[in-house]
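Peer 1: Input: one structure, supplied below.
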Amino acid sequence: MNDGASQPAPNGKSPTVKLSTEIGTEMQMEIAGLSSRIKLTMIGLLDGKYLIFHLPPKIYAAIGNNLLKPNISINIRGISKGEAYGFTTSIIMVNQTPDTLMFVKYPHKIQQHTIRQGQRIK
(Lines give C-alpha, C1' and ligand atoms only; values in the text may rest on other atoms or scores of the structure.)
Protein backbone atom coordinates (compact mmCIF):
# COMPACT_ATOMS: atom_id res chain seq x y z
CA MET A 1 0.00 0.00 0.00
CA ASN A 2 1.15 3.54 -0.67
CA ASP A 3 1.64 6.10 2.05
CA GLY A 4 -1.12 8.69 1.71
CA ALA A 5 0.58 11.32 3.89
CA SER A 6 1.36 14.57 2.12
CA GLN A 7 4.27 16.93 2.61
CA PRO A 8 4.21 19.68 5.26
CA ALA A 9 2.28 22.77 4.26
CA PRO A 10 4.43 25.78 3.26
CA ASN A 11 3.00 27.88 6.10
CA GLY A 12 4.52 25.51 8.68
CA LYS A 13 1.26 23.84 9.68
CA SER A 14 1.04 20.08 10.11
CA PRO A 15 0.68 17.95 6.95
CA THR A 16 -2.80 17.50 5.57
CA VAL A 17 -3.85 14.03 4.51
CA LYS A 18 -6.71 13.79 2.04
CA LEU A 19 -9.11 10.89 2.28
CA SER A 20 -10.58 10.75 -1.21
CA THR A 21 -13.53 8.51 -0.53
CA GLU A 22 -17.21 9.24 -1.00
CA ILE A 23 -19.86 9.83 1.62
CA GLY A 24 -21.85 6.60 1.97
CA THR A 25 -18.79 4.36 1.56
CA GLU A 26 -19.07 1.17 3.57
CA MET A 27 -15.99 0.44 5.67
CA GLN A 28 -14.91 -2.06 8.27
CA MET A 29 -13.60 -1.37 11.76
CA GLU A 30 -11.26 -3.58 13.74
CA ILE A 31 -11.04 -3.06 17.48
CA ALA A 32 -9.06 -4.90 20.13
CA GLY A 33 -11.23 -7.34 22.03
CA LEU A 34 -13.42 -8.33 19.07
CA SER A 35 -12.68 -11.26 16.79
CA SER A 36 -14.76 -9.92 13.89
CA ARG A 37 -14.87 -6.65 11.97
CA ILE A 38 -17.73 -4.18 12.33
CA LYS A 39 -19.37 -2.72 9.22
CA LEU A 40 -19.66 1.08 9.24
CA THR A 41 -20.89 3.66 6.76
CA MET A 42 -18.98 6.93 6.42
CA ILE A 43 -21.54 9.74 6.54
CA GLY A 44 -19.37 12.82 6.94
CA LEU A 45 -16.05 14.44 7.67
CA LEU A 46 -14.37 17.70 8.51
CA ASP A 47 -10.96 17.71 6.80
CA GLY A 48 -8.16 17.48 9.29
CA LYS A 49 -10.47 17.20 12.32
CA TYR A 50 -12.78 14.17 12.32
CA LEU A 51 -14.71 11.52 10.37
CA ILE A 52 -18.30 10.52 11.14
CA PHE A 53 -19.54 6.95 10.76
CA HIS A 54 -22.99 5.42 11.14
CA LEU A 55 -22.80 2.48 13.51
CA PRO A 56 -25.63 -0.09 13.31
CA PRO A 57 -27.72 0.22 16.50
CA LYS A 58 -27.71 -3.58 17.04
CA ILE A 59 -23.90 -3.58 17.04
CA TYR A 60 -23.76 -0.70 19.49
CA ALA A 61 -26.25 -2.46 21.76
CA ALA A 62 -24.07 -5.59 21.70
CA ILE A 63 -20.70 -3.94 22.41
CA GLY A 64 -21.67 -0.39 23.42
CA ASN A 65 -19.74 1.35 26.14
CA ASN A 66 -17.57 -1.70 26.82
CA LEU A 67 -15.36 -1.20 23.76
CA LEU A 68 -16.40 2.06 22.09
CA LYS A 69 -14.84 4.53 24.51
CA PRO A 70 -13.06 7.82 23.74
CA ASN A 71 -9.37 7.50 22.85
CA ILE A 72 -9.63 3.77 22.02
CA SER A 73 -7.45 2.94 19.01
CA ILE A 74 -9.23 1.39 16.01
CA ASN A 75 -8.30 0.31 12.47
CA ILE A 76 -10.59 1.22 9.60
CA ARG A 77 -10.50 -0.20 6.06
CA GLY A 78 -12.60 0.42 3.00
CA ILE A 79 -12.80 0.51 -0.79
CA SER A 80 -13.92 3.51 -2.84
CA LYS A 81 -13.37 4.58 -6.45
CA GLY A 82 -11.09 1.61 -7.18
CA GLU A 83 -8.84 2.37 -4.20
CA ALA A 84 -8.43 0.36 -1.00
CA TYR A 85 -7.88 2.51 2.10
CA GLY A 86 -6.67 1.71 5.58
CA PHE A 87 -5.79 3.81 8.60
CA THR A 88 -5.48 3.76 12.36
CA THR A 89 -7.31 6.36 14.41
CA SER A 90 -9.06 6.76 17.75
CA ILE A 91 -12.63 7.29 18.84
CA ILE A 92 -13.66 10.80 19.86
CA MET A 93 -17.22 9.90 20.93
CA VAL A 94 -20.30 7.85 20.11
CA ASN A 95 -23.64 9.66 19.99
CA GLN A 96 -26.96 7.81 20.05
CA THR A 97 -29.24 10.71 19.15
CA PRO A 98 -30.73 11.03 16.54
CA ASP A 99 -28.93 7.86 15.40
CA THR A 100 -25.86 5.90 16.46
CA LEU A 101 -22.97 7.99 15.15
CA MET A 102 -19.30 7.49 15.88
CA PHE A 103 -16.86 10.38 15.60
CA VAL A 104 -13.19 9.47 15.10
CA LYS A 105 -10.07 11.59 14.79
CA TYR A 106 -9.01 12.41 11.24
CA PRO A 107 -6.08 10.10 10.45
CA HIS A 108 -2.52 11.46 10.19
CA LYS A 109 -1.53 8.68 7.80
CA ILE A 110 -3.67 6.85 5.26
CA GLN A 111 -2.49 3.81 3.37
CA GLN A 112 -3.99 3.32 -0.05
CA HIS A 113 -3.66 0.79 -2.82
CA THR A 114 -5.02 0.98 -6.36
CA ILE A 115 -7.12 -2.09 -7.10
CA ARG A 116 -7.45 -1.70 -10.88
CA GLN A 117 -4.64 -1.08 -13.34
CA GLY A 118 -6.95 0.84 -15.68
CA GLN A 119 -10.29 2.58 -15.72
CA ARG A 120 -13.40 0.44 -16.16
CA ILE A 121 -14.88 0.64 -19.65
CA LYS A 122 -18.49 1.84 -19.80
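Peer 1: Does Arg116 fit the bill of being within 21 Å of Gly48 (Cα to Cα) and open to solvent by 100 Å² or more (accessible area, probe 1.4 Å)?
Peer 2: no
Peer 1: Can you name the residue in segment 44-75 that is in a strand (DSSP E or B) and out of contact with any Leu (no Cβ under 7 Å at 6 or more places or on another chain) and is also farthest from Ile121 (Cα to Cα) among such residues? Talk me through it step by step, then tell me what you get.
Peer 2: Residues of segment 44-75 in a strand (DSSP E or B): 44-46, 50-54, 73-75.
Right, trim to out of contact with any Leu (no Cβ under 7 Å at 6 or more places or on another chain) and you get 44, 46, 50, 73-75.
Numbers: Gly44: 30, Leu46: 33, Tyr50: 35, Ser73: 39, Ile74: 36, Asn75: 33 Å.
Only one residue tops the list, namely Ser73.
Peer 1: Can I ask one more? I'd like the residue in segment 63-81 that is aliphatic (A, V, I, L, M) and within 15 Å of the chain's Cα centre (by Cα) and, out of all such residues, is surrounded by the most Cβ atoms within 10 Å (Cβ to Cβ).
Peer 2: My answer is Ile76.
Peer 1: Just one of the numbered conditions (1) open to solvent by 60 Å² or more (accessible area, probe 1.4 Å); (2) farther than 17 Å from Gln28 by Cα; (3) of a type outside the set (A, V, I, L, M, F, W, C) is not true of Gly48; which one?
Peer 2: (1)
Peer 1: Which of the residues belonging to segment 76-109 are touching a Ser or Thr at 6+ places or on another chain (Cβ under 9 Å) and either outside any strand (DSSP E or B) or among the polar types (S, T, N, Q) (or both)?
Peer 2: First, the residues of segment 76-109 that are touching a Ser or Thr at 6+ places or on another chain (Cβ under 9 Å): 76, 78-85, 88-91, 94, 104-109.
Ser80, Lys81, Gly82, Thr88, Thr89, Ser90, Tyr106, Pro107, His108, Lys109 - these are the residues of segment 76-109 that are touching a Ser or Thr at 6+ places or on another chain (Cβ under 9 Å) and either outside any strand (DSSP E or B) or among the polar types (S, T, N, Q) (or both).
Peer 1: Would you be able to tell me the number of residues in segment 82-104 that are in contact with a strand residue (DSSP E or B) (Cβ under 6 Å, 6 or more places away or on another chain), loosely packed, with under 14 Cβ neighbours inside 10 Å and either aliphatic (A, V, I, L, M) or farther than 19 Å from Asn66 by Cα (or both)?
Peer 2: Of the residues in segment 82-104, 1 are in contact with a strand residue (DSSP E or B) (Cβ under 6 Å, 6 or more places away or on another chain), loosely packed, with under 14 Cβ neighbours inside 10 Å and either aliphatic (A, V, I, L, M) or farther than 19 Å from Asn66 by Cα (or both).
The values are calculated or read from the model by the stated rules, or taken from the named source; none is laboratory data. Everything numeric in this text was worked out from a predicted model, so none of it was measured. So basically every Cβ, Gly included, is an ideal-geometry build from the backbone, and we count neighbours across all protein chains shown. Please note that ligands, DNA and RNA were not included when accessible areas were found on the heavy atoms of the full protein model with its side chains. Shrake-Rupley method; radii C 1.70, N 1.55, O 1.52, S 1.80 Å.
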